Amino acid sequence: MEYIFTTNALEKTYKHFDALNHLNMHVPKGSIYGFVGKNGAGKTTLIRLLCGLQKPTKGSFSLYGVAHDDAKIHDVRKRIGAVVETPSIYLDMSARDNLKEQYRILGLPSDDGINKLLHLVGLDQTEKKKAKNFSLGMRQRLGIAIALAGNPDFLVLDEPVNGLDPEGIIEIRELILKLNKEYQITILISSHILDELSRLATHYGFIDHGMIVKEISAKDLEAACRKCVRIQVSDTAILSRILDDMRMDYKILSTKEADIYGKINVTELTLKLLEEGCIIDRINEHDESLENYYINLVGGGRHE
Ligand SMILES: Nc1ncnc2c1ncn2[C@@H]1O[C@H](COP(=O)(O)OP(=O)(O)OP(=O)(O)O)[C@@H](O)[C@H]1O
C-alpha cells in the first residue's frame, strides 16, 4: 500500500509532558483517515507537527516519502491543505475576498479558480456578506476552500464538525466525500465524534495518551463490529463442518468457541450438532458497536 504520511516512534514533549509518545501512524493514499481520540489524546499535536507548525522532540515522520528533516519537506508541504483548530479567515472580508487574499499569499497567477472553489464549498451565493456574519458551518467551509486554494492532494482537517448543527455536519460530510471521491484528495480528519467519522472514514487510527493503539480499515472494523451469535461447543471442528453445510459465514475463535454471522436457524443447528455428538455449552447474541470497540480499545489497554 502507498502511504502519504507515516510516522516512526514520533514523540513530542512539552516540558515534562509527553503529548506524543512513540507514535506510529500510516495514512494510505486515497483514504479518508479518521484520527480518533479523546480530548487531550494528542490529535492536534500530531497535526501541528505534520503541518510544520512545531518540531518533533524525537522520532521521525515522512510526507510523500520525504523525511521531516529533509530540506525537500517544504516543497512537499505545498501539496497539503489544512484547517487546524479554528479556520484562519478574515472576518471582515467576504468569502471571495478571503480566497483572493489566499491566492495572493500563495502567489497564484490568476483568480480563475475562485468561482469553482466557492461553488464547490457551497458559498457561491454569499456575494458581499462578510465572514463574521457567516454561520459556523459556512466559516468551516470557507476554511476548507482556503485550504484547497493551492490545489492540494492531501487535506488535513482538525475536528471539522466540532460545534456544528446537524445541517452543518451534513454539508461538511458531503463536501469531504466529494473531495475524496471526485477529486481523489486524501483526507485526514481528527475527531472524537465516532459516529460521524463512521459515515466517512475508509481507515481509522485510534490514539490514546499520545500513542496509536490501533490502525484498522473501515472494512475490517465493520467486520469486527458485526452482529453475530457467539457459540461455545464441545468441538468447533464439528461445528465448522455443519456451518459449511449450512453455508453460514462464521469465524472459529478457539477449539470451543466461534462467532456465526447472519441469520441463523438455531433449532436446525442444535439438532445437527446433537446428531454428531457435539454439545452446546452456551449460545448468545454478541454485538460490538463501534463505540464499544473504541471503549474496549482505549479502556482495555490493548496496544499493537
Ligand atoms: N503548547 C503546549 N504546552 C503544554 N502542553 C500542551 C501544549 N499543547 C498541547 N499540550 C497538551 O498536550 C496534550 C495533547 O493535546 P492536543 O491538543 O494534541 O490534544 P487533542 O487530542 O487534540 O485534544 P482536543 O480534542 O482537546 O484538542 C494535552 O494534554 C494538552 O494539554
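Structure notes:
- Order of L200, L99, L20 - criterion: other Cβ atoms within 10 Å of each residue's Cβ, fewest first: L200, L99, L20
- Available extension along the chain between T13 and D235 is 74.8 nm, counting 0.36 nm per residue and deducting the alpha carbon span.
- Distance between modelled label sites at N24 and K132, nm, 7 Å Cα→Cβ extension: 5.1 nm
- For segment 227-285, size of Cβ-based charge dipole, Lys and Arg +1, Asp and Glu -1, in debye: 200 debye
- Difference of contour (0.36 nm per residue) and Cα-Cα distance, C51 to R247: 65.5 nm
- GNM result for the chain, Cα springs below 10 Å: residue of A223, A149, A82 fluctuating most strongly: A223
- Local electrostatic count, I242, Cβ distance below 13 Å [Lys/Arg +1, Asp/Glu -1]: -3
- When shorter helices are ignored and each DSSP H run of at least 4 residues is given -39500 (n - 2.57), the per-residue value for the chain at 222 nm works out to -9500 deg cm²/dmol.
- Segment I295-Y183, extension gain: residue separation times 0.36 nm, minus the distance between their alpha carbons: 36.9 nm
- Secondary structure note: in the chain, about 65% of the DSSP beta bridges are antiparallel.
- For K263, the aspartates and glutamates whose Cα falls under 18 Å of its own Cα, not counting residues fewer than eight places away in the same chain, are E222, D244, D245, D249, E285, D287, E288.
- Within the shell of other residues whose beta carbon sits under 12 angstrom from the beta carbon of T6, the net charge comes to -1, with Lys and Arg scored +1 and Asp and Glu -1.
- Proximal lysines to K38, defined as alpha-carbon separation beneath 18 angstrom and excluding residues fewer than eight positions away on the same chain: K12, K214
- Qualifying lysines (Cα of each under 27 Å from Cα of K100; at least 8 residues distant if same chain): K78, K116, K128, K129, K130, K132, K178, K181
We did not get these values from a lab; they are worked out from the coordinates using the rules stated. Here the structure is a predicted model, which is why all the values come from computation and not from measurement. Here the Cβ is made from the backbone with ideal geometry for all residues, glycine too, and neighbour counts use every protein chain on show.
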